[in-house]
Each structure stands twice: as C-alpha cells, then as structure tokens.
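Below you'll find the structure, written out as structure tokens, and then a few comments.
The values are calculated or read from the model by the stated rules, or taken from the named source; none is laboratory data. Please read these numbers as outputs of a predicted model, since none were measured by experiment. FYI the Cβ positions are ideal-geometry reconstructions off the backbone, even for glycines, and counts take in every protein chain you see. When the accessible area is computed, the model is the full protein with side chains, heavy atoms only, and any ligands, DNA or RNA have been set aside. Shrake-Rupley method; radii C 1.70, N 1.55, O 1.52, S 1.80 Å.
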Amino acid sequence: MINHSLDLKKLILRLEPTVQLVASDFEKLSQKVDPVIKKHGHLNGVLIVASSFPGWKDFDGLFAHLQFIKDHHKNVEKVALVTTDTLIKLGAGRISKYHFLHPEIQIFDKEKEAINWLSA
C-alpha cells in the first residue's frame, strides 16, 4: 500500500509506501495524478517518504511500478526522497546518475527540506 496525497496548489504528490506494493497501488495513483497532469501539463514534484522499501508483493506489482514510472516520469520536474536508510540512499543515488529518467532526484534526511526544494 502507498499512502498518498496531492497538494494541488504546489502540484506535489506525496507518497509513503507502507507495505509490499501491488499493481492496484499504481492504478489508484494514476487515477489521482493523470487528471492533474492533463490540466497542468506536469507535477512540480514527487515527495517519497520511506524509512525502508517494502518491495513488491509479486511480479504484477513490480511491472505496474515500472509502467507507472515510464508513463509519468516526463511529467514530473523533481523527485525528493526522504529517508535515512543507507540502502535506499545508495540505490536512489545510482538511479539519479543515469539520464533515462526526466526528473531531477535529490535525497534528504528531513521532509521539510525536501518540500522546500520541491517548491523552489
């Protein structure tokens, strides 16, 4: 499950994965963000708050996650990851070095710092 909220004034999507991810998580996210992207053309940012990464329940969850990223990454300006988990930081740092994703990615220890960066 992914707890999520969307700040319509700042156009920032906040995500917090809590248990293993399933395909329906990404269907729900698409239903929430697609109309906003259609109206505004983009999201200013995605804020991911994760003390740990719960993984995927099954292959369908992994595939839906990858499809969601493929379908939306060009419409997101920045991604801020808030975590203190060393493995997540390492993985996110490696992903951000590749240029196959559009958004700029930054890692933060505190949510307030991440929101300030996304809002700038």
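Of the accessible area of the chain, with the probe set at 1.4 angstrom, what percent is carbon plus sulfur?
Of the solvent-accessible surface of the chain, carbon and sulfur hold 57 percent.
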Simple spin-label model, 7 Å along Cα-to-Cβ: T84 to D7 in nm? 2.2
With a sphere of radius 13 Å drawn around the Cβ of D60, what net charge do the other residues whose Cβ falls strictly inside it have (Lys, Arg +1; Asp, Glu -1)? -2
Is it possible to state the helix-based mean residue ellipticity at 222 nm for the chain, with each DSSP H run of 4+ residues giving -39500 (n - 2.57), the sum divided by total residues, to the nearest 500 deg cm²/dmol? What is it? -13500 deg cm²/dmol
Taking H as built 1.01 Å from N, whose amide H comes closer than 5 Å to the amide H of V82, not counting residues under 5 places away? I48, V49, A50, F108
With the chain treated as a Gaussian network of Cα nodes joined by springs under 10 Å, which of F59, F26, F108 yields the largest mean-square fluctuation? F59
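When a/c reaches 1.5 or more, the comparison of a/b and b/c decides; with that in mind, is region 1-45 rounded, prolate or oblate per its Cα gyration tensor?
oblate
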If each K or R counts +1 and each D or E counts -1, the residues other than A23 whose Cβ falls under 9 Å of its Cβ total -3
Where does the charge balance sit around S5 when Lys and Arg score +1, Asp and Glu -1, over other residues with C-beta under 10 Å from its C-beta? 0
